[in-house]
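Derivation of every value follows stated rules applied to the coordinates shown; laboratory data play no part. Not measured: the values here are computed from a predicted model. Glycine gets a Cβ as well: all are built from the backbone with ideal geometry, and neighbour counts include every protein chain shown.
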There are 2 protein chains.
Amino acid sequence: MMQHSEKKLGKLISDLERDQITSIQQTLTSLHPSEIARLLESLTPGKRKIIWQLVDQDDEGDVLKELVEDVRQNLIGEMDATELIAATQDMELDDLADLLVDLPETVTEQVITALDRQDQIRLESVMSYDEDTAGGLTNPRIISVRRGITIEVLMRYLKRLNKLPEHTNYIYIVNRNDEYLGALKLVDLFLEDKNKPIETIMDESVKAMLADVDVKQVAMDFQNLDLISIPVIDEKNRLLGQITVDDVVDVIQDQVNSEIFNMAGLDDEDDIFAPVILSTKRRAVWLGMNLITAFVVAGAIGLFQEILQQIVILAVLMPIVASMGGVAGNQTLILVIRGIAMGKIQRSNARKLLVKEGSVALLNGFIWSIVVSVLTVVLFLDADFQNYWKIGIIVGAAMLLNIFASAIAGVAIPFLLKKMGIDPALAGGVLMITLTDVLGFITFLGLATLFLLG
Amino acid sequence: MMQHSEKKLGKLISDLERDQITSIQQTLTSLHPSEIARLLESLTPGKRKIIWQLVDQDDEGDVLKELVEDVRQNLIGEMDATELIAATQDMELDDLADLLVDLPETVTEQVITALDRQDQIRLESVMSYDEDTAGGLTNPRIISVRRGITIEVLMRYLKRLNKLPEHTNYIYIVNRNDEYLGALKLVDLFLEDKNKPIETIMDESVKAMLADVDVKQVAMDFQNLDLISIPVIDEKNRLLGQITVDDVVDVIQDQVNSEIFNMAGLDDEDDIFAPVILSTKRRAVWLGMNLITAFVVAGAIGLFQEILQQIVILAVLMPIVASMGGVAGNQTLILVIRGIAMGKIQRSNARKLLVKEGSVALLNGFIWSIVVSVLTVVLFLDADFQNYWKIGIIVGAAMLLNIFASAIAGVAIPFLLKKMGIDPALAGGVLMITLTDVLGFITFLGLATLFLLG
């Protein structure tokens, strides 16, 4: 039965506290490289170095590949050339390609020289593509054969290879120019008559993907088509390799992390124990941006000092208007950002969505503005207060306006940002909060000035 | 070459606008059930019904399974018993199990009766497990054989089956009590000598997973161990079936969606075109909760009416303090929530994290409080204002306190909520914003009362 990684990690951390080196080494050998990577990420930099010394050299390359950027850079920085070259041995070529980018140039050269000629060519073809494209995810170690041979010949060939590359569910068939023709399910090899030429049982419905497709699209296609693997070709239809689902799962995880982090104003902060100075710097950028918007908001309030001076209760009530607009706007914003990310919302259905979100906002705005009006009068105003019922109505009206405007903005902002080439998840939240604050304070204090200032 | 789903969906939506039924049907046949599901989700309820009529009956079951809850319920409600029974034919048993839960009882009975005896037993075993456990994800249609037979016998058996179940990469080996022993890589079957008994080439390192494991753990294990499939057993070690990665990818997607939605106060709103009344109701819950916290915040400000009356500029400046605390607190909160979700943060390393986040907050708080103090004095106060430099210092000091306290709360809140059995992603944000607002206003106005009133 499987032991869960969480428990294993827990045990390791407590062993580390109690300096049980032998027990740690035992645990480490039982862990998958990804699990070791998660563990290293859970540790403070000091402990990380201790554990890293204890990791088996054969695992080092795969662990490095699974680590988040910051932690990887950190550990690579601590290793000398010999260690690095040893760590990269026996890695899958696609993983190696990803790792090489982070290594010192001298090491990279030595690693490439050590490969056989065929792998050198393969590695070059993969490394020529950007990390964020299908080509960058492609593993060139696949089995591809020319059409024309029989199943029997193919099977003899496979037997001679003895060990097939990881994740070989398909044999790919190419013509003499290496152009992709179709795939052969491994299973079908022993269900069919051995004298048939392989192309007769080839599955032409296994479509190849172009190497320059964006990884986001790759992830979406794997999800939509329930793929386990897909062949990848260059623009001349030449077969480059295949992408397998385990790498796509990592891509999905990375995308989600960066979407969630960006929403919270965290700039891809993937190392939870990043050095304090580094974290401070990264977060300072967002705090600084927020500071600008906070001063804009303060400036908006500043326009209304006269009425605030006269009716101080307005200062008490104004955050209610802003915050309700913020929540409603954010609900719409996130729905739209997610919908766009998942391909459910496009320009063609955006108008319908605007109508729906606008209606929801009007309805909710109406209901809650009545509640707020009544509660405000009951809780914060008393009958000898001049115009007490007017203030109640103004709070409600300003809130209704703010909620409605925020919903419209929630649909519009992601499309505007996308058009400007800015990631909506990155800047949408800041824009929304500034807008709802400014709008909330201005409508509320503006209405009050209009109807109450004597 | 593959055509990208986004383009296909775009074309279909525009065909629909122009009533090109034949063209729509052509597109639909070229789409994978998941793609059809995404498409249906992108449409308004009216158009959804039109397209649903055009979907091929053989695809209907798989499309229903891929749809988000709300939309699925909706379409099922429109279908009569005959249509539903026809739609469920030829579905994978694990998918069927998921779908049956949503069907009327009479239909469910008829569907089960129509299955052969073996499939009935298999379906029952899967349906006895909760949807949120490994058992609920298990597909019982696998190939399992008793130990003792030779590779040759096994290969003859497979040939007789002719068509192997989808995603058969392993043959599972059991003993006479159906207890799981190990797995046999399909590839190895033709690399090895045919007279060997199968258990000699069996891979015992393929560990099985218990059926009652939580899906979150399943998803984490698939990611950590780069799994494509895993055998599932009951508590008596009996083999139930296997989980394949394509279903796990869907689980990951669902989890992420609900995490992001919950953060934004969207209660798993999966149908972007849900009826206005329904959407309004769901979001009203969150708006109502926010209203309570907004009144608490207003109440806090209300305590300081005297000082606000005397120095109205405080009302202008107070949102700056609250909002900077909010951003800093949210940065820590999201880092911790994600870290817990990914198994990187546990109680054992929480204290270290608290120290690190506290230090980052102090450093950033210190830097930005100086900036804010200076800017406040320059932008909002003038020299003939009494105590103008004191106000500048008070804004900065209150902000520093608020940023520091928010960071501490950002680490503490997720652990407290988890202990109380509440999902941190669900309630963490609301708690954080209330806290930073209340704290921000109280420290700022409190300090002002202390040093300025008189």
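Overall form of segment B:144-253: prolate. Here a/c, set by the Cα gyration tensor axes a ≥ b ≥ c, is 1.5 or more, and a/b is the larger of a/b and b/c.
Using 1/(1 + (r/R0)^6) with R0 = 41 angstrom and r between the beta carbons of A:Ile292 and A:Glu105, what's the FRET efficiency to the nearest 0.05?
Numbers: r = 41 Å, r/R0 = 0.99.
It comes out at approximately 0.50.
Among A:Asn387, A:Thr436, A:Val374, which residue has its Cα furthest toward the positive end of the charge dipole of segment A:276-452, with +1 on Lys/Arg Cβ and -1 on Asp/Glu Cβ? The residue sitting farthest along the positive end of the dipole is A:Thr436. For A:Ile370, inter-copy separations between label points set 7 Å beyond Cα along the Cβ vector come to 5.5 nm, shortest first.
Can you bin segment A:70-144 into rounded, prolate or oblate? Criterion: square roots of the alpha carbon gyration tensor eigenvalues sorted a ≥ b ≥ c, rounded for a/c under 1.5, prolate for a/b above b/c, oblate for the rest. It comes out oblate by the Cα gyration axes.
Under the criterion of Cα pairs below 8 Å and six or more residues apart, the relative contact order for segment B:45-200 equals 17 percent. With a Förster radius of 56 Å, plug the Cβ-Cβ distance of B:Asp19 and A:Asp58 into 1/(1 + (r/R0)^6) and report the FRET value to the nearest 0.05. In this case the efficiency is close to 0.35.
For Cα pairs less than 8 Å apart in space and 6+ apart in sequence, what is the mean separation divided by the residue count of segment B:276-452, i.e. the relative contact order in percent? Show your work: numbers first, answer last.
On the way: 184 pairs, mean separation 68.0, N = 177.
The value is 38 percent.
3J(HN,Hα) couplings calculated from phi for segment A:15-32 with the Karplus curve 6.51 cos²θ - 1.76 cosθ + 1.60 (θ = phi - 60°) are, in sequence order, 4, 5, 4, 9, 6, 8, 4, 4, 4, 4, 4, 4, 4, 4, 5, 7, 8, 6 Hz; Gly and Pro show x.
Per-residue mean of other chain beta-carbon atoms within 10 angstrom of the beta-carbon, peptide A:278-284?
Working: counts 1, 10, 9, 3, 2, 10, 6.
Going residue by residue through A:278-284 and averaging, the value is 6.
Neighbour counting of Cβ atoms within 10 Å sorts the residues A:Ile51, B:Ile403, B:Ile201, B:Ile173, fewest neighbours leading, into B:Ile201, A:Ile51, B:Ile173, B:Ile403.
Of the DSSP beta bridges with both residues in segment A:144-244, give the percent that are antiparallel, rounding to the nearest 5.
Details: 13 of 18 bridges.
Roughly 70 percent of the DSSP beta bridges within segment A:144-244 come out antiparallel.
Shown for segment B:302-454 is the translational diffusion coefficient from the Stokes-Einstein equation, using the Kirkwood radius over Cα pairs, a temperature of 10 °C and a viscosity of 1.306 mPa s: 98 µm²/s. Amide hydrogen proximity for B:Arg146: with H placed 1.01 Å from N in the peptide plane, the residues at 5 or more positions away or on another chain lying under 5 Å are B:Val174.
How big is the antiparallel share of DSSP beta bridges in chain A, given as a percent to the nearest 5?
Details: 15 of 20 bridges.
In chain A, DSSP labels about 75 percent of beta bridges as antiparallel.
The H on the amide N of B:Thr133, modeled in the peptide plane, is under 5 Å from the matching H of B:Val215, each at least 5 residues off or on a different chain. Once the Cα atoms are used to define both axes, helix B:105-114 deviates from the longest principal axis of chain B by about 30 degrees.
Sorted largest first, the principal axis extents computed over the alpha-carbon atoms of chain A equal 97, 58, 44 Å. The HN-Hα couplings worked out from phi for segment A:244-256 by the Karplus form 6.51 cos²θ - 1.76 cosθ + 1.60 (θ = phi - 60°) are 10, 4, 4, 6, 5, 4, 4, 4, 4, 4, 4, 4, 4 Hz, whole numbers, x standing for Gly and Pro. Its Cα gyration tensor gives the protein assembly as shown an equivalent ellipsoid, and the semi-axes of that ellipsoid, as √(5λ) in whole Å with the largest first, are 54, 33, 25. Inter-copy label distances at A:Asn175, using a point 7 Å along Cα-to-Cβ, come to 5.7 nm with the shortest given first. As a ratio to 2.2 N^0.38 Å, the alpha-carbon radius of gyration for segment B:5-130 is 1.11. In chain A, the longest principal axis of the Cα atoms and the axis of helix A:151-161 are about 90 degrees apart.
The charge dipole of the protein assembly as shown, taken about its Cα centre with unit charges on the Cβ of Lys, Arg, Asp and Glu (plus for the first two, minus for the last two), comes to roughly 1460 debye. Looking at the protein assembly as shown alone, DSSP beta bridges between its own residues are antiparallel in about 75 percent of cases.
So if we plug the beta-carbon distance of B:Asp193 and A:Leu115 into 1/(1 + (r/R0)^6) with R0 = 35 Å, what FRET efficiency do we get, rounded to 0.05? After rounding, the FRET efficiency stands at 0.60. If the cut-off is 29 Å between C-alpha atoms, which lysines fall inside it for B:Lys194, apart from same-chain ones fewer than 8 positions away? Hits, sequence-local ones excluded: A:Lys159, A:Lys163, A:Lys185, A:Lys194, A:Lys196, B:Lys159, B:Lys163, B:Lys185, B:Lys207.
Taking Cα centre as origin and charging only the Cβ of basic (Lys, Arg, +1) and acidic (Asp, Glu, -1) residues, the dipole magnitude of chain B rounds to 1800 debye.
Hull volume per residue, based on the alpha-carbon atoms of segment A:211-289 and their convex hull, is 130 Å³. Report summary: the helix-based calculation at 222 nm, which adds -39500 (n - 2.57) for every DSSP H run with n ≥ 4 and divides by the residues of the protein assembly as shown, gives -21500 deg cm²/dmol. Inter-copy label distances at A:Gly77, shortest first and taken from points set 7 Å along Cα to Cβ: 5.8 nm.
For a straight C-alpha distance cut-off of 25 angstrom, the lysines reachable from B:Lys281 (same-chain residues fewer than eight places away being disregarded) are A:Lys344, A:Lys352, A:Lys356, B:Lys47, B:Lys49. Inter-part distance, segment A:61-101 to segment B:99-129, computed on C-alpha centroids, equals 49 Å. Comparing Cα centroids, segment A:192-258 and segment A:390-454 end up 45 angstrom apart. Since only A:Ile149, A:Ile307, A:Gly325 are under comparison, the one whose Cα sits farthest along the positive direction of the charge dipole of chain A, derived from C-beta charges on Lys, Arg, Asp and Glu, is A:Ile307.
For segment B:273-281, putting each phi into the Karplus relation 6.51 cos²θ - 1.76 cosθ + 1.60 with θ = phi - 60° gives couplings of 10, 4, x, 3, 4, 4, 4, 4, 4 Hz, in residue order, rounded to whole numbers and with x for Gly and Pro.
Taking amide H atoms as placed 1.01 Å from N in the peptide plane, the amide H of B:Leu240 lies under 5 Å from those of B:Val232, B:Ile233, B:Asp234, each 5 or more residues away in sequence or on another chain. Add +1 for every Lys or Arg and -1 for every Asp or Glu among the other residues with Cβ under 14 Å from the Cβ of B:Leu154, and state the total. Surrounding charge for B:Leu154 is +3. Charge dipole of segment A:144-244 (Cα centre as origin; +1 on each Lys and Arg Cβ, -1 on each Asp and Glu Cβ, all else neutral): 540 debye, rounded to the nearest 20.
Quick check on segment B:232-381: take the gyration tensor over C-alpha atoms, sort the square-rooted eigenvalues as a ≥ b ≥ c, and tell me if it's rounded (a/c under 1.5), prolate or oblate.
Values: a/c = 3.22, a/b = 1.72, b/c = 1.87.
Verdict is oblate for segment B:232-381.
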